[in-house]
Protein chains: 2
Amino acid sequence: MNALSRKTRLKRFIELVWNEGKLDAADGYLAGAYTVVHDPGDPWEGMTLDPAGFKDRVRLSRAAFPDQQFDVQEMLADGGGVAMTWLWAGTHVGDLPGFPATGKPIHMSGATIYFFDDADRLTGHWQITDRLGVYQQLQRNLTASR
Amino acid sequence: MNALSRKTRLKRFIELVWNEGKLDAADGYLAGAYTVVHDPGDPWEGMTLDPAGFKDRVRLSRAAFPDQQFDVQEMLADGGGVAMTWLWAGTHVGDLPGFPATGKPIHMSGATIYFFDDADRLTGHWQITDRLGVYQQLQRNLTASR
C-alpha cells in the first residue's frame, strides 16, 4: 500500500499484460471493476469492465500489433493514483477499420493516470494518446502501399 | 519546496498565465530555461525557451482562443514533477493555418507532466493533447461554415 509498490506493480502489469500478452496475469492486478474514465477515441471510453472485458480490450489491441511494446518514461505516485508517461511501438500486422495491415512500424506516445483501490488493485484510468500521430502514420503507410 | 506548494503554484500559474493571459505573471513561476521535452504537434517541441519565448507561446495560443480556459482535473506530485490532467475550452475567434475563425467553441483534453527546479520554478513539460479531437472539430466547423 505504498507509492513505491504501486509503481513497481504498475510497471510489471504493463510488461506482463500489455507487452507480453499474458492475459491471465491481469487477474493479479485488476480490481473487479475497471473504469475507462477518459480516453478519447478508445472504444471503451466511459465503460466499466470486469476482468474478462479488460482482457478483450488487450486482446483487440494486440491483434493489430502483436509485438507492441510500451516503454515507460516517468511515473509519479500521489494519492490514489500513478501518472505514467510512455512511448509505444508496434508492427501493424493485423487489419484495422479502414487500414489494412502493412507490416510497417507505428509509433505513439501517451500519458495515463492509473487509479488504485486500497488493496493496490487497478480500478481504472484517465488517458490521452496522440491518436492524430498514429492516424497520420497509418494514412501515410496506406498511401505508400497503393 | 514541497509537493503541496508545487500543486498550488502550478494551479495559480495555469489560472493567471494561460486562463487570464497575464503574461508578466509568468516571471514569478518560470525558470530561466523552459524545455518543451515532448509535445507532439506543438511548434516548440524539443526547444528550450527563455521567459520571453514562453510568453510568445502563450500569446500565440491565446490569439486564436482569447477566452481559453484550462479546467484542471487531477494533480499528482512526486519527485521533481507534477502530473496534471485537464479539460480545455475556447472560442475559435482567431484564424489558424487552414482554419479561419468560425466563432464556435472548441474542446480539448490533455495530460501534462510539469518539471520543477529546487526553487519550485518550472523548467519544462512533457505533454500529450488530443489533437485529433481538435482537428475533427475544426474540420467540422469549417465544413459547416461553407
**Report entry** For A:L49, distant residues with modelled amide H under 5 Å away
**Finding:** A:Y34, A:T35, A:V36
Query raised in the report: Relative to the present Cα-Cα distance, how much length would full extension add between B:L87 and B:D118 at 0.36 nm per residue of separation?
Result: 8.3 nm
Query raised in the report: Shortest first, in nm, what separates the label point of A:G41 from those of the same position in the other copies (7 Å along Cα→Cβ)?
Result: 0.8
Query raised in the report: If the cut-off is a Cα-Cα distance under 23 Å, which lysines reach A:K55, setting aside same-chain residues fewer than 8 apart in sequence?
Result: A:K7, A:K11, A:K22
Requested in this report: Quick one: what are the phi-derived ³J(HN,Hα) couplings along region A:95-106, Karplus 6.51/-1.76/1.60 with θ = phi - 60°, whole Hz, x for glycine and proline?
Outcome: 5, 10, x, x, 9, x, 4, 10, x, 9, x, 10
**Report entry** Three-way shape call for the protein assembly as shown based on the alpha-carbon gyration tensor, with the a/c threshold at 1.5
**Finding:** oblate
**Report entry** Listed residues A:G32, A:G41, A:G81, most fluctuating in chain A (Gaussian network, C-alpha, under 10 Å)
**Finding:** A:G41
Report summary line: Everything considered on the Cα gyration tensor (a ≥ b ≥ c; rounded for a/c under 1.5, else prolate if a/b is larger than b/c, else oblate), chain B must be described as prolate
**Report entry** Average Cα contact separation per residue, chain A, under 8 Å, 6 or more apart, as relative contact order %
**Finding:** 23
Report summary line: In whole Hz, the Karplus estimates of ³J(HN,Hα) for region A:116-133 (6.51, -1.76, 1.60; θ = phi - 60°; x where Gly or Pro) are 10, 8, 5, 8, 6, 9, 6, 10, x, 8, 10, 9, 10, 10, 7, 6, 5, x
Query raised in the report: In peptide A:123-130, what is the residue-averaged number of other protein chain Cβ atoms found within 10 Å of each Cβ?
Result: 5
**Report entry** Inter-copy separations for B:G103, label at 7 Å along Cα-Cβ, nm, ascending
**Finding:** 5.4
Report summary line: Here the correct list, in nm and shortest first, of distances from A:D120 to the same site in the other copies, label points 7 Å along Cα→Cβ, is 3.1
**Report entry** Whole-Hz ³J(HN,Hα) from phi, Karplus 6.51 cos²θ - 1.76 cosθ + 1.60, for region A:18-29, glycine and proline x
**Finding:** 7, 7, 9, x, 7, 5, 5, 5, 4, 4, x, 10
Report summary line: Across A:D118, A:D39, A:D130, the residue with the highest GNM fluctuation in chain A (Cα network, 10 Å cutoff) is A:D118
Query raised in the report: So how much slack lies between A:A52 and A:E15, counting 0.36 nm per residue of separation and subtracting their Cα-Cα distance, in nm?
Result: 11.4 nm
Query raised in the report: What number comes out for the charge environment of B:D78, summing +1 per Lys or Arg and -1 per Asp or Glu over other residues with Cβ under 12 Å away?
Result: +2
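Just so you know, all these numbers are worked out from the coordinates, no wet-lab data involved. Everything numeric here is computed off the predicted structure, so don't read it as measured data. So basically every Cβ, Gly included, is an ideal-geometry build from the backbone, and we count neighbours across all protein chains shown.
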